[in-house]
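A short worksheet on the structure shown next.
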Amino acid sequence: MITEPHLTIGETAHRSGVAPSGLRYYESLGLIASERTSGNQRRYARSMLRRIAFIRTASRIGLTLDEIREALATLPEGRTPTKKDWSRLSRSWRPRLDARIAELERLRDDLDSCIGCGCLSLQKCALSNPGDRAARLGPGARYLEGDRPSDALEA
């Protein structure tokens, strides 16, 4: 039975910035919970807004929904994270965030140098990968991920 003021799925979507389909998906994964009215409509406790904000922030850091679920599972009784909880969890994510920042800085710097030089030449471009030499280094855009063209020659 619903005892405290609850929000409809539409109100929760509006307040959280997550589409109703996203809320239903989060719920199907066990990240959030709702109660049902006698008419089988979802109602979310207002505290779910903080939990949803936690999920969105953790996603923006680069955590997968599985990792977020694991983090939320460490909270007693599946409650919404407190400032102390957030501090503990975010400390463990700091190395990942630092690596992501470094990756974005490399991407920015490579794009700046490529666009800034104006060469428009695949012979001089630091991101060029003739003959797909970088495939030896692994999947993905290897030079944008931090490998250098000389690494492909050595591999």
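All of the numbers you see were taken from the coordinates with simple rules; none came from a lab. Everything quoted here is computed from the prediction, not taken from an experiment. Positions of Cβ are backbone-derived with ideal geometry, glycine not excepted, and every protein chain shown enters the neighbour counts.
Some points to look at:
- Between Ile101 and Arg133, the FRET efficiency estimated from the beta carbon spacing at R0 = 25 angstrom works out to 0.35.
- Potential lengthening between Ser87 and Arg15 on full extension [0.36 nm per residue; Cα-Cα distance subtracted]: 23.5 nm
- Annotation for Asp66 and Glu35: the two label points, set 7 Å from Cα along the Cα-Cβ direction, are 3.4 nm apart.
- Exposure proxy for Leu49, Leu65: other Cβ atoms within 10 Å of each Cβ, ordered fewest to most, give Leu65, Leu49.
- With a simple spin-label model that places each label point 7 Å from the Cα along the Cα-to-Cβ direction, the separation between Glu27 and Ser47 comes to 1.8 nm.
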